[in-house]
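The values are calculated or read from the model by the stated rules, or taken from the named source; none is laboratory data. Treat the numbers as computed from the prediction; the structure is a model and nothing was measured. All Cβ positions, glycine included, derive from the backbone under ideal geometry; neighbour counts span all protein chains shown.
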Amino acid sequence: MKDYYLAIDLGASGGRHILGCVEDEKLILQEVYRFNNAPVKKDNSLLWGTGLIYDEIIAGLKACSQWIKEKQSGGTLRSVGTLRSVGIDTWGVDYVLLDKDGKLIWPVFAYRDSRTEAFLNTSMSFEDRYRITGIANQPFNTIYQLLADKASGRLDKAERMLQLPEYFSQVLTGNLPGKQYSEYTMASTTALLDARKKVWAEEIFDKLGIPLKLMKPVREPPYEIGCLYEELQDDVGMNTNVVMVASHDTASAVATVKKDSLYISSGTWSLLGVTGDPVLSDEAREAGYTNEGAHNGSIRFLKNIMGLWVIQSVRHELNDAYSFAELENMAREAEKTAPKDWTIDINLPQFLAPESMIAEIKNEYLRLGKKVPESPAELAFSVYTSLAQCYKTAIDDLEKITGKKYPSISIIGGGSKDAYLNTLTAKYTGKTVFAGPAEATAVGNILLQMQAAGDPAVKDGFDALVERSFDIREF
């Protein structure tokens, strides 16, 4: 009998429940539930339907319980056992506010909402804040969201701020507001954490008038916070422990990468960086690099690049008439007749949440005096090559800042399956690309649950198990 571990991987466009179990010295994954997720627009604001997300989490737990029971009754797998634990990861920066009774203060804003725009210039300069937090200046940063909440009066009735994976995890245990911690990797995305000391930066709270009482002591993952509350156990048909993993999805994903390796966590966003010590220099700040927490208490020194969000948006504007594989093949054909150096900076602010991604792409080519991509094939090629060029620029900056050269790149996450982008990345950067695992976030989530449980399969670390379990492609 072996233990199962359940990763609930919540993304900004969808969520998955993925079971993991070690069998024949390999980590075997089984997706048991999937659902769509997206912010909703209401009264000119972008909001998260946390109730709907929670309902999907529960539906996935029920599907997991049913899957395990069917395997137990059938006896088809040697690894059939019980669910040892569950861990939740999400995107960064977003949060809920709770009142003194532990009740949610509505609404819950999505990070692409424009409400922060009026609060980007604060009484404490970005330069001074970066020397403490090392967090790059992005309009969606938690610090700006909280300043917007302060101005609107929402903070006046708030007693606690919980980031989304903390909130959903605590709801599963029935422990709101209760005794809580702030999980380190998520706390690091707020632009309010001291990157060196790994505690809340009180100086920033004081200068900006954000109440420190909203926060909880910071704790490094993984750690258990309880089990499913009694009524929920009856509802889903099982009980299990709830573990705080590295609950920022990229932090979980990077747990699958060897230490000191250059990586790109490729998905809606592309997160490019290395793991090590914080880098809080002016050079790092000017290059747009950020310092976020990693699963082992170290820092992910990385840059946010717009990622596959751009091609997803283009595809949607084309009425989803083409699959991603078709767009990739069309881009390969367009490459044969494309002008040289036909790239733009795909990481510019106008590509964050435009009304029309295609229009913004064309406008940027017009601004630069370059040939404007017109056909779907040309648009796809322009996006893919522009992404590869962004990777090259970011790596050049990183190597200059750190004084280190990296011969290869590990591309992890769903984007690692995009062979054309992997090929372009190798071509533009001049580095060997290793692609996989595609389910890196879920894998890292599960590995950290195994660590919390003292599972012997990870007693010597994660690297050997990952190498045995997944096919890594070389480009």
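Brief remarks on what is shown
- Checked against the criteria, Gly273 does not count as touching a strand residue (DSSP E or B) at 6+ places or on another chain (Cβ under 6 Å) and free of Cβ contacts under 8 Å to residues at least 60 places away in the same chain.
- Number of the exception - Ile132 against (1) out of contact with any strand residue (DSSP E or B) (no Cβ under 8 Å at 6 or more places or on another chain); (2) not in a helix (DSSP H, G or I): (2)
- Checking every residue in region 43-61 against the condition of being more than 30 Å from Tyr289 (Cβ to Cβ) and modelled with pLDDT under 95 gives at least one match.
- Boolean, Ala394 is touching a Leu at 6+ places or on another chain (Cβ under 6 Å) and of a type in the set (A, V, I, L, M): yes
- When the helices (runs of 4 or more DSSP H) confined to region 401-475 are screened for residues that are not assigned by TED's automatic domain parsing to the domain that holds Gln389, those reaching at least 1 such residues are found at 440-453, 463-469.
- The set of residues in region 2-44 that are more than 26 Å from Ser114 (Cα to Cα), within 19 Å of the chain's Cα centre (by Cα) and among the small types (Gly, Ala, Ser) contains only Ala7.
To keep it simple, each residue is scored yes or no on (1) among the acidic types (Asp, Glu); (2) closer than 30 Å to Val383 by Cα; (3) at pLDDT 95 or above.
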position: Gly209; (1), (2), (3): no, no, yes
position: Met215; (1), (2), (3): no, no, yes
position: Glu230; (1), (2), (3): yes, no, yes
position: Thr240; (1), (2), (3): no, no, yes
position: Ala251; (1), (2), (3): no, yes, yes
position: Val274; (1), (2), (3): no, yes, yes
position: Gly293; (1), (2), (3): no, yes, yes
position: Arg300; (1), (2), (3): no, yes, yes
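- Identity of the residue in region 253-270, within 22 Å of Lys198 (Cα to Cα) and modelled with pLDDT under 95, that ends up surrounded by the fewest Cβ atoms within 10 Å (Cβ to Cβ): Asp260
- Among the strands (runs of 3 or more DSSP E) confined to region 30-125, the ones with at least 2 residues that are in contact (Cβ under 8 Å) with a residue 12 or more places away in the chain are located at 45-47, 83-89, 95-98.
- The single condition among (1) in contact with an Asp or Glu (Cβ under 7 Å, 6 or more places away or on another chain); (2) part of a helix (DSSP H, G or I) that Pro354 does not satisfy is (2).
- Sole exception among (1) in contact (Cβ under 8 Å) with a residue 24 or more places away in the chain; (2) part of a helix (DSSP H, G or I); (3) surrounded by fewer than 16 Cβ atoms within 10 Å (Cβ to Cβ) for Asp396, by number: (1)
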